[in-house]
1. Beyond a 23 Å Cα-Cα separation, which of these cross-linked pairs lie in this structure: Lys112/Lys173; Lys109/Lys152; Lys174/Lys264; Lys152/Lys215; Lys152/Lys174?
2. Which whole-number value in Å² is the accessible area per residue of region 1-147, probe 1.4 Å?
3. If the reach is capped at under 22 angstrom between alpha carbons, list the lysines near Lys92, excluding any in the same chain fewer than eight residues apart.
4. Please report the carbon-and-sulfur percent of the accessible area for region 117-220; probe 1.4 Å, protein heavy atoms only, DNA, RNA and ligands left out.
5. Classify region 170-249 from the C-alpha gyration tensor, please: rounded if a/c falls under 1.5, else prolate or oblate depending on whether a/b exceeds b/c.
6. What are the residues whose amide H is under 5 Å from the amide H of Val85, where those residues sit 5 or more places off or on another chain and H is modelled from the backbone?
7. Which of the chymotrypsin sites (Phe, Trp or Tyr not before Pro) found in region 1-87 are in a DSSP loop and have at most 12 neighbouring Cβ atoms, other than their own, within 10 Å?
8. Mind checking the full-extension length gain between Val3 and Glu140? Use 0.36 nm per residue of separation minus the Cα-Cα distance, one decimal, nm.
Amino acid sequence: MAVRKRKKMLRYTIISGCLVAVATSGVWFATYRHYNARLIDERAAYEAQLADKDDVLQRYMDQSQTAYVLVSAKLAGEAITAEDVMAEKLPKFSSPDNLIGDSKGIVGKYLKINAMPGTAVTTEMVRDEARLEPSERKEETEYIKLPLRLTKRDVVDIRIVFPNGEDYIVVGKKSLEDVDLGNQYTFFNDSEEEAQLLQAALVDAYINNAELYMKQYVEPELQPEPVVNYVPNLDVLKVIKSNPFIIDQAKWSLAEDLRKELEKRLEALEDEDNIRVGADAPSGSGVIKRKSEQGAAAAEAAQVDNSQSVNGIIDQSNQAPVDSSADQSSAGGTNTEATGEDSLLEGE
């Protein structure tokens, strides 16, 4: 009896031990699967982070942008020599787009701001002259005829042509800061003297049917600045001679006689010869209207014969003048005929 009871206890013990082992193995296996999955996810996330860092590192290691870096500290207004800069390769990813990549664009220029060693020089940091003139200001124009291919940073002369064909330089060798061809706007810096000449030329455009236009330089670096030979009207000459901002007064000593001679030649023109060359009469602040048109206006302009246009742009002022009275009478006749036809149709 005792032996049977002992065997029975041993059997229960073995079965219990097996159940405990199975349960423990299941818990252990489930725990292993959970941590293994978590480890796989963490490894994938870590590999993804490494890949991102490799991409960023590769961008910074791609030394594809040439730049010139200051070797020593420079103050605003100081000239930059060849010994002041050295060429370096910088990553394009982290470099500004306006870095100067050619030593010709730096050597001989003047800094606008104070700069520390290691500073990469950009186009906005340098200028051609050491100091600004006291009277230099930003100029905005809408009344000058612009070349069709004019772009920002082009160098131009501003000229004026009179109805008798006389052509003068108003402002010479100006670098354009910005251009809006669609609206015929240009932006550049000018001095007090140049501003006075531009305003006087605008008055000539109104009164004497003159036209202001720009001409681009072929190679500005190789071509010297021209001599300004435009002479403003007598009232503007008086202002120039009394303006403290205009230092060089010697060149205006004979200008009064030159202007009087010009006005005599303009007065000698016959009425039929006194026409504007290539532009509409001034309207508001604009001398010409070569502005881009959209919608119905563009469609209507496209139907106009461009046989009298310049470079494909219609210039209404080049067309023959039309007698306004004839226009009115012809218009009236047309209206009368149209009315007559309408009345006949109604009668029928």
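The values are calculated or read from the model by the stated rules, or taken from the named source; none is laboratory data. Note that the structure is predicted; figures quoted are calculated from it, not measured. Here the Cβ positions follow ideal geometry from the backbone for every residue, glycine too, while neighbour counts run over all protein chains shown. Remember, those area values only see protein heavy atoms, side chains included, never the ligands or the DNA or RNA. Shrake-Rupley method; radii C 1.70, N 1.55, O 1.52, S 1.80 Å.
1. Checking Cα-Cα distances, Lys174/Lys264 exceed 23 Å.
2. 74
3. Reachable lysines: Lys53, Lys104.
4. C and S fraction of accessible area: 47 percent.
5. oblate
6. Val71
7. Counting only loop positions with at most 12 other Cβ atoms within 10 Å, none of the chymotrypsin sites (Phe, Trp or Tyr not before Pro) in region 1-87 qualifies.
8. Taking Val3 through Glu140 to full extension adds about 37.5 nm, to one decimal.
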